[in-house]
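Working notes, beginning with the structure itself.
The values are calculated or read from the model by the stated rules, or taken from the named source; none is laboratory data. In this text, all values refer to a predicted model and were calculated from it rather than measured experimentally. No Cβ is skipped: glycine too gets one built from the backbone with ideal geometry, and neighbour counts run over all protein chains shown. Protein only, heavy atoms only, side chains kept; ligands, DNA and RNA dropped before computing areas. Shrake-Rupley method; radii C 1.70, N 1.55, O 1.52, S 1.80 Å.
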Amino acid sequence: MVIPGLRDEVAEAANVMARLGLVTAYGHVSARAGASMLITPAADLACVTGSGVIEVPLEADGTLPAGAPAEAWAHLALYRARPDATAIARAQPASAFAVAAAVSSMVPLHGQAAWLGESVPVHHDAVLLRSPGQAERAADSLPAGEALLLRGNGAITLGAAPGLAVARMWLLAAACDVYLAARAACGTGPVIPLSAGEIASWRAVGGELLPRLWQHLRHRPGTRPGEEQG
């Protein structure tokens, strides 16, 4: 059974992700809805409305409903592999392309980046996730944590609600900007990540603070990810 208002939540999260410049013509947002998921159509996310959101059975096998994005398989694979996944955002921040080309995983360099996971892994196959097999291999790259970089193909983030998945996508873009700046500043020296204890302390307050970030993002005008830090 679809929760009343969930279609509108998915659409609003998609609209905000487009306004923040995290997607161009491509990208999608979804939410788990019982034995199905609700996902944005293959369309400009800036124009998506609740009535246009598509319902896809979680056990879909071989065929997607008309209008669903071809990479809906990636969402299905994650919902199946990660029972804790409630919502998913898929986008292509430019800084994510750069970091995924440089490392095999990205460690948190500042506190808010810890809300993405103890580290952010990179899925090293740049092929589009347009088949169940490709999608399952990508899902296997994210056994824990809330963000996955896709080499040559953008990123995926998870959240307890569609807006929180989008907030994490904004954070991922900002964290990639910070990581690239630190690498450039350090030259041949290593960057200094947060310690395990520091990461744990920030993750402990993520449930309280991440919703505040989403409320901020949904009401702010469009700006480049990473432009505002603090």
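For the chain, which DSSP H helices look membrane-span-like by this rule: Cα extent along the axis of 24 Å or more and mean Kyte-Doolittle of at least -0.5?
Working: long enough: 162-186 (36 Å, 1.20).
Passing helices, by number: 162-186.
Just how far, in whole angstrom, is region 161-207 from region 1-80 if you go by their alpha carbon centroids?
Spelled out, the Cα-based centre of one part sits 26 Å from the other.
When ranked by the protection proxy of mean other Cβ atoms within 10 Å per residue, highest first, what sequence do the peptides 121-130, 61-70, 162-171 form?
On the way: 121-130: 17.2, 61-70: 13.1, 162-171: 28.2.
Result, highest mean Cβ count within 10 Å first: 162-171, 121-130, 61-70.
Taking 0.36 nm per residue of sequence separation and subtracting the Cα-Cα distance, how much length would be gained by fully extending the chain between residue 118 and residue 182, in nm to one decimal? Intermediate results must be reported in sequence, preceding the final value.
Values: separation 64, 0.36 × 64 = 23.04 nm, distance 1.82 nm.
My answer for the length gained is 21.2 nm.
Can you tell me which of 200, 91, 184 moves the most in a GNM of the chain? Springs connect C-alpha atoms under 10 Å apart.
In the Gaussian network model the winner is 184.
Would you calculate, for the chain, the mean residue ellipticity at 222 nm contributed by helices, counting each DSSP H stretch of 4 or more residues as -39,500 (n - 2.57) and dividing by all residues, to the nearest 500? Show your work: numbers first, answer last.
Numbers: 7 runs with 88 residues, N = 230.
Rounded to the nearest 500, it is -12000 deg cm²/dmol.
Could you check the simple spin-label distance between residue 80 and residue 66, using points 7 Å along Cα→Cβ, in nm with one decimal?
2.5
Mind checking the full-extension length gain between residue 49 and residue 192? Use 0.36 nm per residue of separation minus the Cα-Cα distance, one decimal, nm. Each step should come with its number before you reach the end.
Numbers: separation 143, 0.36 × 143 = 51.48 nm, distance 4.30 nm.
Value of the extension gain: 47.2 nm.
Quick check for you: with a 1.4 Å probe and neighbouring chains kept, what is the accessible area per residue of the chain, in Å²? Write down the numbers at each step before the final one.
Details: 9850 Å² over 230 residues.
Dividing the accessible area of the chain by its residue count gives 43 Å².
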